[in-house]
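Single-structure report; data block below.
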Amino acid sequence: MHKWFVYSDFDAVSKAAADFLAEHIETNIQQKGVCHVVLPGGKTPAICLGYLSNKTLLWDKVHWYLGDERCYPQGHAERNDVMLEKYFWSRLSATNIHTIPAESGAEKAAKVYREVISAIESFDIAFLGVGEDGHTASLFPGNEALSDRHSVVAVDHSPKAPSERVSLSISTLSKAQCRIVLAAGNEKAGVIRRIKNGEPLPINILGDINWFIDEAALIENTN
């Protein structure tokens, strides 16, 4: 079952999510000596990751992976790895970063990334986002990539630019030991209601999720 953690505002929920991530990272390092973490793109997680970067953790024991990447050239401002470098990785004392070579095209990049993650039976933590249509990573409602059973999938005809993307698959994200989603703002209230109602949206077919949301994400705008 989903677990819901509701906080007063975006800053509070970002801080709480960072605390949750730090605790789970530390536990995995203590138990296994390493922690494999999937990270989201977009701007919503930036504040949370900023708080996480201030934690005292054994950063050299953490390996970071992308949940998805947009097929733009390296260094493009809209790439997820660029955002993560700017707001998070550049602030850490040590990094083990595994980016997706999406600049080479979706099909080729997906094949390369399958090899990168092939030794990982299941990710320890999957930190994900959710769109207003219920998509997560680059797994959109009705897209053919949803039924692709590979560990990493090429995504064509994305409803959001760019149309070509690379994403961890439903099967890979479903195996993660811990899933967490950070969602905030009134614009997310509609999809939060649909998720709670059990609609078969991409985000809702992954299994149990720890949801960190602010109060605004529970109040739909009826105007």
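The values are calculated or read from the model by the stated rules, or taken from the named source; none is laboratory data. Just so we're clear, the structure is a prediction, and the values are computed from it rather than from any experiment. Cβ placement follows ideal geometry from the backbone for every residue including glycine, while neighbour counts extend to all protein chains displayed.
Worth a mention:
- Looking across the range 112-143, just one residue is assigned to a helix (DSSP H, G or I) and either among the aromatic types (Phe, Trp, Tyr) or farther than 22 Å from residue 101 by Cβ (or both), and that is 113.
- Qualifying residue in the range 83-92 (condition: touching a residue at least 40 places away in the same chain (Cβ under 8 Å), more than 23 Å from residue 35 (Cβ to Cβ) and touching a strand residue (DSSP E or B) at 6+ places or on another chain (Cβ under 8 Å)): no
- Selection of the range 7-23 for residues being closer than 15 Å to residue 44 by Cα and among the hydroxyl-bearing types (Ser, Thr, Tyr) yields only 14.
- Look at (1) within 25 Å of residue 74 (Cβ to Cβ); (2) touching a Ser or Thr at 6+ places or on another chain (Cβ under 9 Å); (3) modelled with pLDDT of 95 or more and you find that residue 160 fails only one, number (3).
- Among residues of the range 155-175 that are without any contact (Cβ under 8 Å) to a residue 60 or more places away in the chain and closer than 13 Å to residue 137 by Cα, those with a Cβ under 8 angstrom from a residue that is β-branched (Val, Ile, Thr) and part of a loop (DSSP other than H, G, I, E, B), sequence gap 6+ or separate chain, pair up as 172/117.
- Cβ-Cβ under 6 Å pairs, at least 6 apart or on other chains, the range 11-29 side closer than 13 Å to residue 48 by Cβ, far side surrounded by 20 or more Cβ atoms within 10 Å (Cβ to Cβ) and of a type in the set (D, E, K, R): 13/214
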